[in-house]
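Provided herewith is a single structure, encoded as structure tokens, for subsequent inquiry.
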Amino acid sequence: MLIVPFLPFPMESGGHQAVFGEVELLRQEFNIFLTFIRKSNCTQENLEKFNSLWQNVKALPYEPVPDRSPIRFFKRRFAKIKSRLFKNCDKYKYENELYLLQDRVNLGFAGFVKKCIAENQIDTVEIEFANSMALVDTLPSDVRKVFVHHEIRFVRIAEFMRQQKLESDFFKQRFDDIKAEEIQYLNKFDSIVTFSSVDAKKLEQAGVIAPVVTSFFMVDSSKRNFVEREQASVLSFVHMQ
């Protein structure tokens, strides 16, 4: 089972292409179940198209129970207004960047994942992207746990803090907490995959003791999203000295 942030279809970004290409490769050796929290941009049409691509790949979206209470409505409206008013405010940017991963666990989704594992007799769970990393605490003990690290979070945050000149003791302590949390979660996995030997070395130097392997990823989009265009006469000049 792959736990990802989105349905990787259509391929609208580099992240979508990476996950789609990974599914396309893994399905040649394994039966794949892919799950994610369904959002409004995941249409039924795209979900059905994705599920029709391969016989041994199935997307299992988690449908959040809509909260239509007045309190929830005003909270969402307030959050939207706040993001518009303070999107360029330093304090708002810091709050959105320096959060702990444990605060982002969706308990409803965690329960859904455990149900899917039991119903489909899944023996290996692969989590993608840092925001879902804390789900490792909710997985059954008897499944193999793999994490694919697209980007080391504490390295990115360190660069963010350097650019923003966050040098106070408060922000340094916050960074230490974030880094320690990421390493703690990574060490709960049976194996970790990075896309570069540099990232693998950084994890080992930071105190990650779980096995880290380096893979490469190549996206071949030559046969996808191809749009035929009318032929036109083109004249090219090559000047050689």
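Can you pull out the residues in the range 22-36 that are of a type in the set (A, V, I, L, M, F, W, C), more than 17 Å from residue 118 (Cα to Cα) and open to solvent by 10 Å² or more (accessible area, probe 1.4 Å)?
Quick first cut of the range 22-36, residues of a type in the set (A, V, I, L, M, F, W, C) only: 23, 25-26, 30, 32-34, 36.
Still in the list and also more than 17 Å from residue 118 (Cα to Cα): 23, 25-26, 30.
Those that are of a type in the set (A, V, I, L, M, F, W, C), more than 17 Å from residue 118 (Cα to Cα) and open to solvent by 10 Å² or more (accessible area, probe 1.4 Å): 25, 26, 30.
Another one. Go through the range 26-53 and give me each residue that's closer than 22 Å to residue 66 by Cβ, touching a residue at least 24 places away in the same chain (Cβ under 8 Å) and part of a helix (DSSP H, G or I).
46, 47 - these are the residues of the range 26-53 that are closer than 22 Å to residue 66 by Cβ, touching a residue at least 24 places away in the same chain (Cβ under 8 Å) and part of a helix (DSSP H, G or I).
Would a scan of the range 89-99 turn up a residue that is more than 23 Å from the chain's Cα centre (by Cα) and free of Cβ contacts under 8 Å to residues at least 12 places away in the same chain?
Within the range 89-99, one or more residues are more than 23 Å from the chain's Cα centre (by Cα) and free of Cβ contacts under 8 Å to residues at least 12 places away in the same chain.
To continue, here is another question. Among the listed residues 180, 200, identify the single one that is free of Cβ contacts under 8 Å to residues at least 12 places away in the same chain and either among the β-branched types (Val, Ile, Thr) or on the phi < 0 side of the Ramachandran plot (or both).
Numbers: 200 fails: free of Cβ contacts under 8 Å to residues at least 12 places away in the same chain.
After applying the criteria, what remains is 180.
Looking at the structure I just gave you, is residue 112 touching a His at 6+ places or on another chain (Cβ under 7 Å) and in contact (Cβ under 8 Å) with a residue 60 or more places away in the chain? Explain how you work it out, then say what you get.
Values: touching a His at 6+ places or on another chain (Cβ under 7 Å): no; in contact (Cβ under 8 Å) with a residue 60 or more places away in the chain: yes.
So residue 112 fails the test.
Shifting gears a bit: Can you give me the ranges of the helices (runs of 4 or more DSSP H) entirely in the range 60-137 with at least 1 residues that are modelled with pLDDT of 95 or more and more than 25 Å from residue 46 (Cβ to Cβ)?
Working: elements: 70-86, 90-97, 107-120.
Output list reads 107-120.
What residue, among those in the range 1-21 that are in contact (Cβ under 8 Å) with a residue 60 or more places away in the chain and under 24 Å from residue 140 (Cα atoms), is surrounded by the fewest Cβ atoms within 10 Å (Cβ to Cβ)?
Ranking the qualifying residues of the range 1-21, first place goes to 5.
Here is a follow-up. Tell me, which residue of the range 44-71 that is among the hydrophobic types (A, V, I, L, M, F, W, C) and surrounded by 15 or more Cβ atoms within 10 Å (Cβ to Cβ) is farthest from residue 6 (Cα to Cα)?
Just the residues of the range 44-71 that are among the hydrophobic types (A, V, I, L, M, F, W, C), to begin with: 47, 50, 53-54, 57, 59-60, 65, 71.
Those left that are additionally surrounded by 15 or more Cβ atoms within 10 Å (Cβ to Cβ): 47, 50, 57, 59-60.
Values: 47: 11, 50: 12, 57: 15, 59: 10, 60: 11 Å.
The selected residue is 57.
Tell me yes or no: at least one residue of the range 96-103 is open to solvent by 40 Å² or more (accessible area, probe 1.4 Å) and within 14 Å of residue 1 (Cα to Cα).
The answer is no, given that none of the residues of the range 96-103 is open to solvent by 40 Å² or more (accessible area, probe 1.4 Å) and within 14 Å of residue 1 (Cα to Cα).
Another one. From the residues in the range 1-24 that are assigned to a loop (DSSP other than H, G, I, E, B) and of a type in the set (A, V, I, L, M, F, W, C), which one is nearest to residue 129 (Cα to Cα)?
As a first pass, look at the range 1-24 and keep what is assigned to a loop (DSSP other than H, G, I, E, B): 1, 4-13.
Okay, now just the ones that are also of a type in the set (A, V, I, L, M, F, W, C), so 1, 4, 6-7, 9, 11.
Details: 1: 14, 4: 7, 6: 11, 7: 14, 9: 17, 11: 17 Å.
Only one residue fits best here, namely 4.
Scanning the range 180-199 for residues that are modelled with pLDDT under 95 and either closer than 20 Å to residue 102 by Cα or among the small types (Gly, Ala, Ser) (or both), which turns out most open to solvent (accessible area, probe 1.4 Å)?
Here the answer is 197.
Now for a different question. Could you tell me how many of the residues in the range 11-40 are over 16 Å from the mean Cα position of the chain (by Cα) and more than 18 Å from residue 109 (Cα to Cα)?
9
Right, another one. What pairs can you find where one residue is in the range 141-159 and basic (Lys, Arg), the other is at pLDDT below 95, and their Cβ atoms are less than 7 Å apart, with a gap of 6+ or different chains?
153/130
The values are calculated or read from the model by the stated rules, or taken from the named source; none is laboratory data. Bear in mind that the values here come from a model prediction, so they are computed numbers and not experimental data. Quick reminder, even Gly has a Cβ in these numbers, built from the backbone with ideal geometry, and neighbours come from all protein chains shown. Surface areas here come from the heavy atoms of the whole protein model, side chains and all, with no ligands, DNA or RNA. Shrake-Rupley method; radii C 1.70, N 1.55, O 1.52, S 1.80 Å.
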